[in-house]
Amino acid sequence: MENTENHRSGYVAIIGKPNAGKSTLMNRLLGNKISITTHKPQTTRHQIIGIHSEDELQIIFLDTPGVIDPSYELQKAMMKTVDRARTDADIILLIVDVTDYEIPGRIFKMFSSMKNKQIFLVPNKIDKVSEQEAKVVAEEIREKFDFDDTLFVSALNGEGLQKLMDTIKANITSGPPFYPKEMLSEQPVRFFVAEMVREQLFLQYHQEIPYSTTINIVQYDERDDLDYISADIVVNRESQKGILIGKGGKAIKQLGKNAREVIEKFVDKKIYLDLHVKVREKWRENPSHVRHYGY
Ligand SMILES: Nc1nc2c(ncn2[C@@H]2O[C@H](COP(=O)(O)OP(=O)(O)OP(=O)(O)O)[C@@H](O)[C@H]2O)c(=O)[nH]1
């Protein structure tokens, strides 16, 4: 049994508006792609855990959905996830895109009731502006809230990440490892597979389609030669079915091909991906459907 006397551990929540770069940041800090990322806002729907372990240290990062004023049930569930993460966390990183830095009042309200937590301001995407501009943005935000520290980063090109990681490590206090050291995340493989299909869907389709769909893995058979995966793409309205499938099935075939390629890399094995479109009228608005699909 490992000696845990000098061990330190803690939870770090990554919070911010949609598209601020939260998932990109977590993946970069971990050196592994755990959370899906796209150029579209509201890609992340669940709390995604990413675990960083060293001999005497464990940091559990919590990637969260972007903070918005929720207008339907799915978004309400997403905001509850953010709330849980901020409650669980020892350290909170507020990630702000320096080119879109208006902070919703909801975020400051969330922070004002918290005690005994370190809250860091992390201005992100500094590769897009000058150093001076980034400083002005940070100053403006700091007028509204008293942060424990400010760390400028570019999650995309890696600038500032070492310093951010060092600062996080310096603030992690003593505690036991919560997860086995070789573990990178806690969700099962089928969760990541569903997320990868959803990521491709966000990349391929436009307007309401990505936001109206969810992926439900109905069968996952591990076989010697290849894994057989059957997944439903659940849509919110009948009219969306045709758009998803496309003329002569072209669009869904493309989706299947792209998703298969990334999943095969992830599981390091050939797969057969069977996609079906299912209509569940207004599932996003229905609390029991939203729960049923794992949100
Ligand atoms: N130029 C630049 N782009 C970035 C940076 N960090 C993230 N991005 C881009 O910003 C977009 C959104 O990134 P995500 O990591 O998906 O953002 P998120 O905050 O997790 O988004 P949601 O899941 O919608 O809440 C992607 O296109 C990223 O490539 C950065 O440091 N510089």
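The table for this structure:
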| item | result |
| --- | --- |
| Residue check, Ser112 closer than 19 Å to Arg86 by Cα and not basic (Lys, Arg) | yes |
| Of all residues making up region 25-35, the number that are near the ligand (Cβ under 8 Å from one of its atoms) and surrounded by fewer than 23 Cβ atoms within 10 Å (Cβ to Cβ) | 1 |
| Selection status of Thr43, more than 10 Å from the chain's Cα centre (by Cα) and near the ligand (Cβ under 9 Å from one of its atoms) | no |
| Positions within region 127-150 being part of a loop (DSSP other than H, G, I, E, B) and among the hydroxyl-bearing types (Ser, Thr, Tyr), in sequence order | Ser130 |
| Selected residue (criterion: nearest to Asn216 (Cα to Cα)) from residues of region 262-284 that are charged (D, E, K, R), surrounded by 14 or more Cβ atoms within 10 Å (Cβ to Cβ) and within 24 Å of the chain's Cα centre (by Cα) | Arg284 |
| Test: residue in region 91-111 that is away from the ligand (no atom under 16 Å from the Cβ) and either assigned to a loop (DSSP other than H, G, I, E, B) or in contact with a Cys (Cβ under 8 Å, 6 or more places away or on another chain) (or both) | no |
| Hits in region 66-92 (condition: in contact (Cβ under 8 Å) with a residue 40 or more places away in the chain, farther than 18 Å from Asn286 by Cα and touching a helix residue (DSSP H, G or I) at 6+ places or on another chain (Cβ under 9 Å)) | Gly66, Val67, Ile68, Val82, Arg86, Ile91, Ile92 |
| Unmet requirement for Val153, which otherwise passes all of (1) outside any loop (DSSP other than H, G, I, E, B); (2) within 15 Å of the ligand (Cβ to nearest atom); (3) of a type outside the set (S, T, N, Q); (4) touching a strand residue (DSSP E or B) at 6+ places or on another chain (Cβ under 8 Å) | (1) |
| Qualifying residue in region 117-128 (condition: over 24 Å from Asp83 (Cβ atoms), surrounded by 14 or more Cβ atoms within 10 Å (Cβ to Cβ), of a type in the set (A, V, I, L, M) and modelled with pLDDT of 95 or more) | yes |
| Yes/no for Leu57 being touching a strand residue (DSSP E or B) at 6+ places or on another chain (Cβ under 8 Å), within 28 Å of Thr173 (Cα to Cα) and away from the ligand (no atom under 16 Å from the Cβ) | yes |
| Residues of region 48-70 satisfying the condition of being part of a loop (DSSP other than H, G, I, E, B) and surrounded by fewer than 19 Cβ atoms within 10 Å (Cβ to Cβ) | Asp55, Glu56, Ile68, Asp69, Pro70 |
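The values are calculated or read from the model by the stated rules, or taken from the named source; none is laboratory data. Remember, it's a predicted structure, so these values are computed and weren't measured experimentally. Quick reminder, even Gly has a Cβ in these numbers, built from the backbone with ideal geometry, and neighbours come from all protein chains shown.
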